[in-house]
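The values are calculated or read from the model by the stated rules, or taken from the named source; none is laboratory data. What you are looking at is a predicted structure, and each value in this text was computed from that prediction instead of being measured. Backbone-built Cβ (ideal geometry, glycine too); neighbour counts: all protein chains shown. Note: accessible area is taken over every heavy atom of the protein model, side chains too, but ligands, DNA and RNA are not part of it. Shrake-Rupley method; radii C 1.70, N 1.55, O 1.52, S 1.80 Å.
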Amino acid sequence: MSIIEAVEGDITTQRTDAIVNAANASLFGGGGVDGAIHAAAGAGLLEACRQVRHRSWPAGLPVGEAVATEGFDLPARWVIHTVGPNAHRGQTDPALLASCFTRSLDVAAELSAQSVAFPAVSAGAYGWAADDVARIAVQAVREHPKPGIELVRLVLFGPRLYQTFSAALSG
Ligand code: AR6
């Protein structure tokens, strides 16, 4: 039985085995949580992402897919990169967003991670409404078998997002 919790905070400081990055298809960094993770992890993360592209995803990581690198200078051992659907490009299918959470948990389980922290994937630059992200994230995490994963922590940037996710978790 895993614990699923919401906290307000910065995902880059989380001491979970893995943190999830709301990346873009290039995996070469960006703004928002992606920029914060790359800044905190150091240059090794970008180099590892380049290797992932070269070896596994030469055309870029598809929306709803997830892939892991080491965490380099982060407290977390692993970064699991996922690409959320971009509402501004008409990517509004909830299954795509649910897949980000499901596939990230698949990857975490493959790594034998016992704890995983997620940001609110697609709730920033990619334009999804926070309450939709919260509902879809909570449902996807609850429904996943989470083998070996004891803790899933949803890390929300700011009090409003934290309240939105707390409400979804208590529903
Ligand atoms: N810790 C936790 N959450 C954060 C942090 C942080 N340090 N910084 C921002 N957030 P976004 P997206 C929240 O835009 O919508 C990037 O440029 C933020 O408040 O980071 O999936 C990528 O390269 C929001 O609630 O991700 C892509 O191009 C949530 O993280 C694109 O943005 C997600 O916002 C991805 O857009």
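Some points to look at:
- Among the residues of the stretch 32-49, just one is among the charged types (D, E, K, R) and surrounded by 14 or more Cβ atoms within 10 Å (Cβ to Cβ), namely ASP34.
- Residue among PRO119, PRO147 that alone is under 23 Å from ASP17 (Cβ atoms) and without any contact (Cβ under 8 Å) to a residue 40 or more places away in the chain: PRO147
- Single residue of GLY29, GLY9 found to be over 25 Å from ALA109 (Cβ atoms), open to solvent by less than 30 Å² (accessible area, probe 1.4 Å) and not basic (Lys, Arg): GLY29
- Scanning the stretch 136-145 for residues that are buried (at least 20 other Cβ atoms within 10 Å of the Cβ) and either of a type outside the set (Val, Ile, Thr) or within 17 Å of MET1 (Cβ to Cβ) (or both) turns up ALA137, VAL138, ALA140, VAL141, HIS144.
- Out of ALA41, ALA25, sole residue that is farther than 30 Å from SER170 by Cβ and within 9 Å of the ligand (Cβ to nearest atom): ALA25
- Sole exception among (1) open to solvent by 50 Å² or more (accessible area, probe 1.4 Å); (2) in a helix (DSSP H, G or I); (3) in contact (Cβ under 8 Å) with a residue 24 or more places away in the chain for SER166, by number: (1)
- Residue list for the stretch 12-22, restricted to those being open to solvent by 10 Å² or more (accessible area, probe 1.4 Å) and either more than 9 Å from the ligand (Cβ to nearest atom) or farther than 19 Å from ALA98 by Cβ (or both): THR12, THR13, GLN14, ARG15, ASP17
- Answer from ASP131, ASP73, ASP93 - the residue that is surrounded by fewer than 17 Cβ atoms within 10 Å (Cβ to Cβ), within 14 Å of the ligand (Cβ to nearest atom) and of a type in the set (Asp, Glu): ASP131
- In the stretch 96-122, the residues that are touching a Pro at 6+ places or on another chain (Cβ under 7 Å) and more than 13 Å from the ligand (Cβ to nearest atom): ALA109
- Within the option set HIS88, HIS81, being within 14 Å of the ligand (Cβ to nearest atom) and either of a type in the set (D, E, K, R) or open to solvent by 20 Å² or more (accessible area, probe 1.4 Å) (or both) holds for one residue only, HIS88.
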